[in-house]
Amino acid sequence: MGLVAIVAILLFYAQLEWRDHQVQLEAQYRQLTLQANRLASYQSRGDWLQRAVDSRGALLQAEKRVWKAKSLGLAQAEIQDWLLTRLRKANAGRYTVKLGDVPVAAKPSATEGPASSEPELQKIAVRVELNADAPIMLALLDALAQSEPALVVEMLRVKQQRVEIGISAWAQVSEGPSS
């Protein structure tokens, strides 16, 4: 009788262990099914290619809005010439155009490795001071808004009869080897 009781207890214990094992396997199956469904939804999305195309288009649009020059000095000169031309077209009198201090990025030395062939972006700051005539200001601000490549008005200060405009632009400087 004792031997039958021991066997019955062992069978009952084995059945409990088997049920716990089945519950664990079922939980793992549910978790793996959720992961597989999530991965399948990511894989089946066809919009990744469209996102890549859209990103490339946005990059090309942004690159169109950047001034391009062989050196920082040439970029500054192009921006200054553009501004002087627009000021003359607007018939502005008594104006000054000053280039701001632009930090020049240090070039890597020979011990730091080869220089990147990728053109670097540099910010160019310009300050324009002129008389505060409304038609001239409107013409200049309209020209700045329509400029391609982009010029951004960062500051506009009116003092009595003078106006000070802080303008910035990004230039892609591709300094090649000197000849």
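The values are calculated or read from the model by the stated rules, or taken from the named source; none is laboratory data. All values reported here derive from a predicted model rather than from experimental measurement. Neighbour counts are summed over all protein chains in view; Cβ atoms, including those assigned to glycine, are modelled from backbone coordinates with ideal geometry. All accessible areas refer to the heavy atoms of the entire protein, side chains included, with ligands and DNA or RNA removed. Shrake-Rupley method; radii C 1.70, N 1.55, O 1.52, S 1.80 Å.
When the Cα positions of Tyr13, Leu39, Ala62 are compared along the charge dipole of the chain, Ala62 comes out farthest toward the positive end, with charges on each C-beta of Lys, Arg, Asp and Glu. Computed over the chain, the per-residue total of -39500 (n - 2.57) for DSSP H runs of n ≥ 4 gives a 222 nm mean residue ellipticity of -18000 deg cm²/dmol, rounded to 500.
Within the straight-line cut-off of under 16 Å between alpha carbons, the lysines reachable from Lys98 are Lys123, sequence neighbours fewer than 8 places apart in one chain being disregarded. On the chain, 59 percent of the accessible area sits on carbon and sulfur atoms, based on a 1.4 Å probe. Does anyone have the angle between helix 72-89 and the longest principal axis of the chain? Alpha-carbon axes, 0 to 90°, nearest 10? The two axes meet at around 60 degrees.
From the alpha carbon centroid of segment 143-172 to that of segment 13-56 is 54 Å.
Under 16 Å from a label point set 7 Å out along the Cα-to-Cβ vector of Arg51, no amide N atom of segment 16-37 is found. Helix 2-44 and the longest principal axis of the Cα set of the chain meet at an angle near 20°.
Relative to the longest principal axis of the Cα atoms of the chain, the long axis of helix 134-146 lies at roughly 40 degrees. Excluding residues on the same chain fewer than 8 positions from Lys68, give the aspartates and glutamates whose Cα lies under 17 Å from its Cα. Of all the aspartates and glutamates, those that pass the test against Lys68 - Cα under 17 Å, at least 8 places apart if same chain - are Glu78, Asp81, Glu118, Glu120, Glu148, Glu175. Between [x] -0.46, -0.85, -1.19; [y] -0.61, -0.83, -1.00; [z] -0.71, -0.96, -1.15, which matches log10 I(q)/I(0) by the Debye sum over Cα atoms at q = 0.11, 0.15, 0.18 Å⁻¹ calculated for the structure shown? Read-out taken from this structure: [z]. Between the beta carbons of Ser41 and Lys123, assuming R0 = 41 Å, the FRET efficiency works out to 0.45 to the nearest 0.05. Per residue, the chain exposes 74 Å² of accessible surface when a 1.4 Å probe is rolled over the protein heavy atoms with every protein chain present.
Roughly how many debye, to the nearest 20, is the charge dipole of the chain about its Cα centre, given +1 on each Lys and Arg Cβ, -1 on each Asp and Glu Cβ, and no other charges?
600 debye
Amide H contacts of Gly100 (H built 1.01 Å from N, in plane; Pro and chain starts excluded): Ala125, Val126, Arg127 sit under 5 Å, all sequence-distant by 5 or more or on other chains.
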